[in-house]
Every structure is written in structure tokens, then in C-alpha cells.
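The structure under discussion appears below in the form of C-alpha cells.
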2 protein chains.
Amino acid sequence: MASTILKRTSCSAMKSMAGSLRIGVTPFRAFAAKVEAGTDIVAAAPDVSLQKARSWDDGVASKFSTTPLKDIFRDRRVVIFGLPGAYTGVCSQQHVPSYKNNIGKFRDEKVDSVICVAVNDPYVLNAWAEKLEAKDAIEFYGDFDGSFHKTLGLEKDLSAALLGPRSHRWSAFVVDGKVKVLNIEENPSDFKVSGAEHILKQI
Amino acid sequence: MASTILKRTSCSAMKSMAGSLRIGVTPFRAFAAKVEAGTDIVAAAPDVSLQKARSWDDGVASKFSTTPLKDIFRDRRVVIFGLPGAYTGVCSQQHVPSYKNNIGKFRDEKVDSVICVAVNDPYVLNAWAEKLEAKDAIEFYGDFDGSFHKTLGLEKDLSAALLGPRSHRWSAFVVDGKVKVLNIEENPSDFKVSGAEHILKQI
């Protein structure tokens, strides 16, 4: 059990995003998330697949294959976190590093996979993961059509930030497909409950 | 008038994409493009804006501003090309370099702007442009919700390649908003008529 205190970083861009996006934002957890502690993600979304982040050439070589949720979650202890999108600034780049930098602690907790998912295509996500030098620690999956997040009720329209349909910022601990812990930020620009240090205390 | 012969490059990924995506592809120009030589783009899409490629921090600083089409096209000689998406491989990376490497010839033809547009958010597009070291020569604009391409009838569903709603691969020479030349590839994986060398011969 990790006891690291979540360091809340000051970040002007994040605060500005919050200021820009709080217009119309619903209160914490007042939106209709369809997932909660106890939900079996695989059963809730039997027809949904994610797309493993990879280069375009690897995508072509794989014949644009996708990965069913059961292959990701069944018989495994998984920590998964979602964020509004690749290349959305220093602050969302802090989200990935928080998991990357704590990967040893997740291994100590017998977590099989730490996964980052975003409503991006797998090629963009791959380029971003490489830029963050995070691919060795974290598995990245695209949800290019948002179907995964929509099924879980975690989709969010971020057109005001020129992003379009994306997702909330969230994290979950999932064992054999069943959600044990779920953290959703009140605002996608917040970074209070979805970081690695927080969920490490919950495992 | 440039006389460079278009070099058709051999590219396994492009060919593979073609093989994968030709299923269901309509014959050349049989789709309902709403733009043609003579079309006034600004008049055809009076409410459409594009999003100048920039970093997330610059996006926040600009309060997520967008650029009306009239500011891009009115009283200007513009060469614009569209492609299916950032990070879609060596081959689409050849599309941008073809314009980057010929930027001097466009200047010789009194072209005010050479523009790359794609159905991507402006932050992803910015990162890709920086990776290609093309920002000094080419202006990059996102069409994050696809509204520009939809208005012109140049949208294309590329879900089979895990991309979702994107665009055809195309190029145009536009003077004061009016389309003088329009080239659309039969297949987004083709690179026969949308490169810089081809349109330089048409200006």
C-alpha cells in the first residue's frame, strides 16, 4: 500500500482550461456514469474493443486489429486511467508520468497491467507515448470512436477546447473485469483523484 | 510553372492500406464532393472555422480561438492540401514533405500560403508538424469536428483503419476564396494527384 501524498502541482494551463471548461460542467459525479465499483466492464461492454497503440506501419501489418476487453481484463489485475487526449499539455503529461514513475509500486502490488486509454487513434497515441518515453511501463490503448467510454458513461464533449467528443479524466482498479475502485475528476482539467499516488493507496 | 515529374514512390504500407481500404471505396470522383473548380469556399461554408495548429498552452492562451475561412482565403492565393490524419505513416509523411521541399516554387508563383488541413485537433497536428519540421514552410490547420470537410463533401469514414471520420486526400489552388484547381485521390492511400509537384504544374 503506497502512502505517497498526492502532490498537487500548480499549472497555469490547467487552471485556465478549468476556467474555460467549467462553463456547463455538471457537479461532481452528477453525470450519468454507467460504471461504478462492482461493475463488470467486460460484461458491460461485450462488443467493445480497444486499439493497441502502435505505429501506422504496425497497424497496417496487424491488418488494423483490435483487442477485445476480455483479453485486457479477464484473469488480470489492471490499473487503467483515462484522459482527455494526447498532446493536451504539460498537465495531462503529468498524468502519464505519475503512473510511469510509480510503475515499480504497481508491480509490488501484483498489478499485471497499467493502462492508459484515450479517445485518440492508436497512431497518435503511440507517438505521444513515445514522446513521453512511457511505453516500457504503461500499455496505451486508443478508443478511436469513443465506444468504450460511451459504454461506461465516461464520455465528455470537449469541443470548447477544440477536442470534440472525448472523455472524463479517471482511473480505476479492475480485477478479473470487475471494477474495485473508480476515481473520476470533477473536471477534466483537475488532477486530484486520478493520479497514481491516489489509486496506489486504494489497492 | 513547375515541370517536375511527380515521383510515385513505392510504399508497402500505402499499398497495404489501399488493399485494406479499397473494400467499399467508390470509383474516382463518384462520391458527392460539394466543391469543384469555381466554388467559392468562403461562401460555401460561411459559418465554418479552422483551428490553427498550436501547442496546448498556446491554445489555452488564445482562449481556444478559431480562424474563419475568410481570414484564410480572402484576397489571397492559397494552395491547400488535406490528408487522412497526423501520424498515418511514412506515406502520408511524404505528402507534407512534397510541399515543404517545394515551398520556394510556390513562393515563385506568388502563392501567399501553403496550408495542410486534417481532421485532427490542433494540438496533435502541431506535434506532428513539429516532428516533420514543416511549420516554417507550411501552415497547419485542424478541422477537429470535420465540419470543413463535410461542408465541401470531402469527408470519408476511415474506421476500417481505426481512424474514424476523416477526409479524402486532396489538394486545391484557391484564389480569393474561389477554387481554381481541385485534385482528389481516388483512394486516401494513393499519392498520384495531390502532391506539390502536380499542383505546381496547374497553377
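Could we say that B:Tyr123 is within 8 Å of chain A (Cβ to nearest Cβ) and either at positive phi or modelled with pLDDT under 95 (or both) here? Judged against the criteria, B:Tyr123 is not a match. Regarding A:Phe106, is this residue within 9 Å of chain B (Cβ to nearest Cβ), more than 23 Å from B:Val60 (Cβ to Cβ) and not hydroxyl-bearing (Ser, Thr, Tyr)? Judged against the criteria, A:Phe106 is not a match. The numbered conditions (1) modelled with pLDDT of 95 or more; (2) within 14 Å of chain A (Cβ to nearest Cβ); (3) buried (at least 24 other Cβ atoms within 10 Å of the Cβ) are all true for B:Ser189 except (1).
When the residues of the stretch B:126-142 are filtered to those that are within 14 Å of chain A (Cβ to nearest Cβ) and among the charged types (D, E, K, R), the one that is nearest to B:Thr39 (Cα to Cα) is B:Glu130. Restricting the stretch B:143-153 to residues that are at pLDDT 95 or above, buried (at least 21 other Cβ atoms within 10 Å of the Cβ) and over 10 Å from B:Ser49 (Cβ atoms) leaves a set whose member that is farthest from the other protein chains (Cβ to nearest Cβ) is B:His149. The condition of being surrounded by fewer than 24 Cβ atoms within 10 Å (Cβ to Cβ) and at pLDDT below 95 does not hold for B:Asp176.
Tallying residues that are in a loop (DSSP other than H, G, I, E, B), surrounded by 23 or more Cβ atoms within 10 Å (Cβ to Cβ) and either polar (S, T, N, Q) or more than 8 Å from chain A (Cβ to nearest Cβ) (or both) within the stretch B:54-92 yields 2. Take the conditions closer than 16 Å to A:His198 by Cα, part of a strand (DSSP E or B) and either among the polar types (S, T, N, Q) or at pLDDT 95 or above (or both) and apply them to A:Gly104. Does it pass? When the stated conditions are applied, A:Gly104 does not pass them. Within the stretch A:102-139, the set of residues being under 11 Å from the mean Cα position of the chain (by Cα), open to solvent by 10 Å² or more (accessible area, probe 1.4 Å) and not charged (D, E, K, R) comprises just one member, A:Val119.
The values are calculated or read from the model by the stated rules, or taken from the named source; none is laboratory data. Since we're looking at a predicted model, the values are computed, not measured. For neighbour counting, all protein chains shown are included, and Cβ atoms are generated from backbone atoms with ideal geometry for every residue, glycine included. We work out accessible area using only protein heavy atoms, side chains counted, and drop any ligands, DNA or RNA first. Shrake-Rupley method; radii C 1.70, N 1.55, O 1.52, S 1.80 Å.
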